[in-house]
Amino acid sequence: MDSDIEICSGSSTQGSVEVEDFSPPDSQGLNGDILDGSAGPLPYQFEPIAPAVTVDENMDEPEAVRMGEVSEWCTCGHCTRLSPRENLCCREVAQVMHRCEQVGGAACITAHPGFEPVALNTFVLQAVYGTYRQLYGDMENTVLNSCYRHLAYRNFVRWCWGYLGRHIRVVIPSCAVTRIREQFPDNTGTYSGFQPPPLD
């Protein structure tokens, strides 16, 4: 240990050591004057300018927009009326449309060849459950179709949006929800629908 210290200290005395200057370069003010280093670097000077945000008058009331007939907001032809918040067509969601464009612009995400294996194939969903169980433990609900629906929604979101992070949820298009519910129906016909993330 002492020899390491001697080697390091001995080498610095044999020759001159050049020290690099890490101080920021001189900055120019708004009128072109050189500012002294005491002002420090100017924050956010290379940040992109944010696009202008338009405020929609109905932003707090999405229900007002989606209470009409399905044909008023659905352009894929496979949506059904769900809750006002879930009345969303796949052709309105950029992440879902990106998947459709991968196969030549499928008319609906449910017609995409990847939709069946991702959201409807029980063998795939069983494999997804293994990962879910490893991360979160057993599901509270023990009804098989309810578990399949939950896993299908999660897998669909992961397929279209990727990893979102904890407590970040997105509304799945009506056509995808409807098709998943047809594949894994609830015997009572009662579905919980979109649930916002918990506040914690």
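A short reminder: the numbers here are calculations on the coordinates, not readings from a lab. Only a predicted model underlies this, so the values are computations on that prediction, with no experimental measurement involved. Note: ideal-geometry Cβ built from the backbone for every residue, glycine included; neighbour counts use all protein chains shown.
The table below gives the values:
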read-out: Sequence ranges 177-186, 102-111, ranked by mean other-Cβ count within 10 angstrom, highest first; value: 177-186, 102-111
read-out: Net length gained if the chain between M139 and T190 were fully extended (0.36 nm per residue, minus Cα distance); value: 16.5 nm
read-out: √(5λ) per eigenvalue of the Cα gyration tensor, segment 70-183, largest first, Å; value: 24, 15, 14
